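Take a look at the structure set out below.
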C-alpha cells in the first residue's frame with residue numbers, strides 16, 4: 001500500500017488520474033470546471049479491484065471511469081439525474 005500526501009492544482013485535473021483518494025480537500029473550488037460526481041458502495045469498489053486480470057486494477061488499484069460507472073449500486077450525485 002502506498003501512502004502519500006500531495007498538493008495538486010485544479011488547473012490540470014488529469015494529473016489526478018489513476019490515484020485513489022481516502023479524502024480530498026478542495027480549496028477555491030469555484031475555479032474548477034464542474035463535470036460530474038458519482039458515488040459507489042466501497043464494497044463494490046473493493047470487490048472489483050480484487051478481481052484478477054488487470055494490471056491497473058491489481059497492482060495500482062485503479063479503475064477506468066466506465067468500469068466505475070458499471071459497478072453495482074453506483075449512482076450519479078451531480079448534476080442530478082432526470
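The values are calculated or read from the model by the stated rules, or taken from the named source; none is laboratory data. A quick note: this is a predicted structure, and the numbers were derived from the prediction, not measured. Because the Cβ atoms are built from the backbone with ideal geometry, glycine has one as well, and the counts that use them run over all protein chains shown.
Listed here are the residues, each with its yes/no results for (1) touching a strand residue (DSSP E or B) at 6+ places or on another chain (Cβ under 9 Å); (2) surrounded by 13 or more Cβ atoms within 10 Å (Cβ to Cβ); (3) at pLDDT below 70.
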{"position": "15", "(1), (2), (3)": "no, no, yes"}
{"position": "48", "(1), (2), (3)": "no, yes, no"}
{"position": "53", "(1), (2), (3)": "no, no, no"}
{"position": "74", "(1), (2), (3)": "yes, yes, no"}
{"position": "82", "(1), (2), (3)": "no, no, yes"}
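Does region 44-63 hold any residues that are part of a loop (DSSP other than H, G, I, E, B) and closer than 21 Å to residue 75 by Cα, and which are they?
Filtering region 44-63 for residues part of a loop (DSSP other than H, G, I, E, B) gives 51-54, 61-63.
The answer is 61, 62, 63.
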